[in-house]
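Okay, so here's the structure we're looking at.
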Amino acid sequence: MTDNRRIYLSPPHLGEREKGYVAEAFDTNWIAPLGPHVDEFERELAELTGARGAVALSSGTAAIHLALKLAGVGRGDRVFVSTLTFVASVNPVLYEGAEPVFIDSDFETWNMSVQALERALIEAEREGRLPKAAVVVNLYGQSADLDPIMALFRRYGVTVVEDAAESLGATYKGKASGTIGDYGIYSFNGNKIITTSGGGMLVGHDTGKLAKARFLATQARDPALHYEHSELGFNYRMSNVLAGIGRGQLQVLGERIAARRAVFERYEAALAHIPGISFMPEAAYGRSTRWLTTLTVNPQITGVTAVELVKALAADNIEARPVWKPMHLQPLLRQYEYYAHEPQFSVSDQLFAQGLCLPSGSSLSEADQQRVIDCVLRRLGEARMTVPGYAAQA
Ligand SMILES: *Cc1c(COP(=O)(O)O)cnc(C)c1O
């Protein structure tokens, strides 16, 4: 009862092999960017996901940026982006001087709403303002419903970047999440399901385009003895040391997913029966990694808001968060267009108002998870007394 150590939302969880790979990088003096671990990490990730090729980069954000460059996105172009996401999905659109258009979620998947997307595309075609590309996010470890989404984008000739930063290891109809769009990106930031402390990967089906990404990511150096440049490049490659960490992490990805799913199942068993609590659904088309356990809390039924629960958990030294604040509500992005699920009803607004992410690390012990559950139950119990007629509904 006196144990009050901090419980984090999604801390790094290192395995047995990472140190060996890092030591190998030191011993062979492959400390500089690039090197054998980078090549192997790319090959191993491509093999695991079934992608034709992979390019290891300094971050998931860099991977999105390069994918948009490969799609030919430039100044004034429109790019459709899932609104319910982390800001990194949209920042690269702004780097290129392009204009994001935000698309709502649906309640079944929490991911891009097919009906909102269809309305947006029909209107864009009518106005002669079709997007050049799209960033479709696979949220909290679950793939978007990509068959209908890809069919719509194909019909209008739009290049699709699948933002699988949160969904490495998830599946969609038997395929690896991140390999269904024209390009896919993964993140190895410290809070993701596996980490290199910081890093990303770009995957795709067109090896020529991926070679171009490698070129752009190494300052766009033309083949010559001296330093020759005819295009604008970036310093976006992953270092050989960090790729060593990534190789070790990749070997435990399956275990990490199993652990996160077990965390989800324990929360569900403890809380799902409570009126007003709903867990993020797992769509029948695939398998989620349950990167983060997320749920909604209806304050009209429970008498408590998600934010009040976050605060109660914080008071017990437990890190929880509201779900991502939708991009169309961000001060930075408010001026851009937004297509809600129904013309008069925004699903992501409601998910933001009621959504809660609970500590979900693959290293979370059952005892620590019980601390989280006890705190949530205690706060809900306090609230229950104040809900008129609660006893009658329960
Ligand atoms: C983490 C994340 C990114 C960015 O990845 P970085 O490696 O941190 O740059 C992009 N999109 C989503 C949805 C993410 O969660």
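The values are calculated or read from the model by the stated rules, or taken from the named source; none is laboratory data. In this text, all values refer to a predicted model and were calculated from it rather than measured experimentally. In this analysis, Cβ positions are derived from the backbone assuming ideal geometry, glycine residues included, and neighbour counts consider all displayed protein chains.
Overview of results
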item: Residue within region 188-204 that is closer than 19 Å to LEU34 by Cα and either more than 13 Å from the ligand (Cβ to nearest atom) or of a type in the set (Lys, Arg) (or both) present; result: yes
item: The listed residue being touching a Pro at 6+ places or on another chain (Cβ under 7 Å) and either surrounded by 18 or more Cβ atoms within 10 Å (Cβ to Cβ) or over 17 Å from LEU9 (Cβ atoms) (or both), out of ILE274, ILE301; result: ILE301
item: Filter result for HIS37 (more than 16 Å from the ligand (Cβ to nearest atom) and buried (at least 24 other Cβ atoms within 10 Å of the Cβ)); result: yes
item: Wholly within region 204-278, helices (runs of 4 or more DSSP H) carrying at least 1 residues that are touching a Ser or Thr at 6+ places or on another chain (Cβ under 8 Å) and closer than 30 Å to CYS375 by Cα; result: 253-271
item: Number of positions in region 265-310 that are of a type in the set (A, V, I, L, M) and out of contact with any strand residue (DSSP E or B) (no Cβ under 8 Å at 6 or more places or on another chain); result: 6
item: Options ALA314, ALA306, ALA320; residue that is of a type outside the set (S, T, N, Q), at negative phi and surrounded by fewer than 17 Cβ atoms within 10 Å (Cβ to Cβ); result: ALA314
item: When residues of region 42-96 are limited to those that are more than 13 Å from the ligand (Cβ to nearest atom) and of a type in the set (Val, Ile, Thr), the one surrounded by the fewest Cβ atoms within 10 Å (Cβ to Cβ); result: THR49
item: Scan of region 177-190 for residues that are touching a residue at least 60 places away in the same chain (Cβ under 8 Å), buried (at least 17 other Cβ atoms within 10 Å of the Cβ) and assigned to a loop (DSSP other than H, G, I, E, B), ordered by number; result: SER177, GLY178, THR179, ASP182, PHE188
item: Flag if LEU377 is within 17 Å of ASN298 (Cβ to Cβ), modelled with pLDDT of 95 or more and touching a Ser or Thr at 6+ places or on another chain (Cβ under 6 Å); result: no
item: Residues located in region 154-169, provided they are in a loop (DSSP other than H, G, I, E, B), surrounded by fewer than 24 Cβ atoms within 10 Å (Cβ to Cβ) and either within 13 Å of the ligand (Cβ to nearest atom) or not aromatic (Phe, Trp, Tyr) (or both); result: GLY157, VAL158
item: GLY174 closer than 17 Å to ALA144 by Cα and either away from the ligand (no atom under 12 Å from the Cβ) or crowded, with 23+ Cβ neighbours inside 10 Å (or both); result: yes
